[in-house]
1. Is it the case, given these coordinates, that T324 is among the hydroxyl-bearing types (S, T, Y) and open to solvent by 30 Å² or more (accessible area, probe 1.4 Å)?
2. Hey, can you tell me all the residues within the stretch 150-179 that are in a strand (DSSP E or B), on the phi > 0 side of the Ramachandran plot and in contact with a Gly (Cβ under 7 Å, 6 or more places away or on another chain)?
3. Taking into account only those residues within the stretch 50-67 that are open to solvent by 40 Å² or more (accessible area, probe 1.4 Å) and either of a type outside the set (S, T, N, Q) or touching a residue at least 40 places away in the same chain (Cβ under 8 Å) (or both), which is nearest to G206 (Cα to Cα)?
4. Can you tell me which residues in the stretch 163-195 are open to solvent by 50 Å² or more (accessible area, probe 1.4 Å) and out of contact with any Pro (no Cβ under 9 Å at 6 or more places or on another chain)?
5. Filter the stretch 200-242 down to the residues that are within 16 Å of V75 (Cβ to Cβ) and open to solvent by 50 Å² or more (accessible area, probe 1.4 Å) and list them by number.
Amino acid sequence: MDDQQTRRGVLGSMAAAVGAGVAGCQAPTLDTAAGAEEQSASDGYNAVYEQVVDSVATVRTYTENSRGGQGSAFVYSDDYLVTNEHVVGDADEIYVRYRESGWIESAVVAVDAYSDLAVIEVTDKPASATPLPFVEADPGVGTEVVAIGNPFGLSGSVSAGIVSGVDRTLPAANGFSIPDAVQTDAAVNPGNSGGPLVTLDGTVVGVINSGGGDNIGFAISAALTRRVVPSLIDAGAYDHSYLGVRLTDLTPPIVEANDLQTAEGVYIDEVVTDGPAEGVLEPSDGEDVVNGVRVGVGGDVVVAMDETPTPSRQHLSSFLALETTPGDTIAVDVLREGSRETVDLTLGERPDI
């Protein structure tokens, strides 16, 4: 029995005892208390839905060679809506529809494949479609959230869940990765992409990106969205920091093959020719086989950047994405040939794709 059930049982027993001593009074039952709690949760979901739904739009796209696709978007500021790059990136024509409007033709302002974010402009939106605020920090794991969007074209749908994890890394279609993503167990299906994942006070946790399986969905974090979207609006592009390396987490075979005394850090397996890290970070200079697994040996292990620990690829990627810009020179702490040293590395800009 969990704490909540125990509390209900104690309260029910106390109420029954009081009721027995008062003529004509009947103690509330456990079922009554449970029903009140369920009603309270339902009221909370309904309240956030009504608060947010007018700012969420259905997106329909059309191309010359196909019937088109669909997704979701929500108001970011003024006449600008946020959605996913994969929703609108290949579209020739785009239309959006709010709860209080018909179909409105819109236009892509800019897209960013590295974050799977895009901005579209709609100059004729209803007064009720107002900008949604973003959280200032990553939500705690277990925070209640709802996904609002248009799964399978079912406009204005809501699904509820919690934040299942933060600082996840998602694969991008261009071979890079998207850092700092939020994981949720709220139902996310085709058509939800580009819609908001919000807390019960209507604050955006992230831009829904994908569903990865049963009870697993992901959203581009509010922190990354706040960095990328203003640049898409103002400059038509966003420049991502670039190391020019191939990274891997420290697995047990890598630790053993390289005789490391730590299992925290990021192993540099390869350095891109003419990239920012060439001549600064050391890649693998050989291979070994440990427990049937072929791994690199001799490469640097990055353990911190600008005094920020990087125990995993997720931490390193989030640091680069959220704390740096191309042209910054950062201090990189590495384990090299059994000792720790610091090297200075000037970040580049990710290549066009």
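1. Judged against the criteria, T324 is not a match.
2. Across the stretch 150-179, there are no qualifying residues.
3. Q51
4. Within the stretch 163-195, P171, A173, G175, F176, D185 meet the criteria.
5. R226
The values are calculated or read from the model by the stated rules, or taken from the named source; none is laboratory data. Values in this document were obtained by computation on a predicted structure and should not be read as measured data. Here Cβ is always computed from backbone atoms with ideal geometry, including for glycine, and neighbour counts include all displayed protein chains. With ligands, DNA and RNA removed, areas are computed over all heavy atoms of the protein, side chains included. Shrake-Rupley method; radii C 1.70, N 1.55, O 1.52, S 1.80 Å.
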